[in-house]
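Student: The structure that follows is given in the form of structure tokens.
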């Protein structure tokens, strides 16, 4: 997903929204984050570039809706959301973000997914930095709003 043009980025966002609607037709997509899973991209370039990175990485599409976070995975040559990787309801998304590393060219987002020992590393290009910041802010905001509501329900 390196060197995305604005048109290609919009096409990928539309594909991710369609993939979410195939799973849940009532979902309202609020944000789509494009990412690449696998090792640090400049490291892959040092090993030989294009073909090596195509073999060891996957494209990820993180879509935030009103009710959940949908994570789709796709193969690198097509960069299309092919399989549903995980769905995390917003009320259980409190610990979803394990860590965020911000860099000049690439940013790393580590997602702690249910049932997995290690966080999933997603490399986010500088071209999607605004979406990364919005995603992190919205997840933290939604979990902060959900915490008082959960405490009010639990209180006798």
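Just so it is clear, none of the values below were taken in a lab; they were calculated from the coordinates. Keep in mind that this is a model prediction, so the values were computed, not measured. Heads up, the Cβs are rebuilt from the backbone with ideal geometry, glycines too, and the neighbour counts pull from every protein chain shown.
Student: Given just the C-alpha atoms of the range 6-145, how large is their convex hull per residue in cubic angstrom?
Tutor: Considering the Cα atoms of the range 6-145, their hull volume per residue is 110 Å³.
Student: For 125, 134, what's the fewest-to-most ordering of other Cβ within 10 Å of each Cβ?
Tutor: 134, 125
Student: With r defined as the distance between the Cβ atoms of residue 7 and residue 67 and R0 fixed at 35 Å, what FRET efficiency is calculated, to the nearest 0.05?
Tutor: 0.75
Student: Along Cα→Cβ, 7 Å out, is where each label goes; now give me the distance between the ones at residue 30 and residue 145 in nm to one decimal.
Tutor: 0.6 nm
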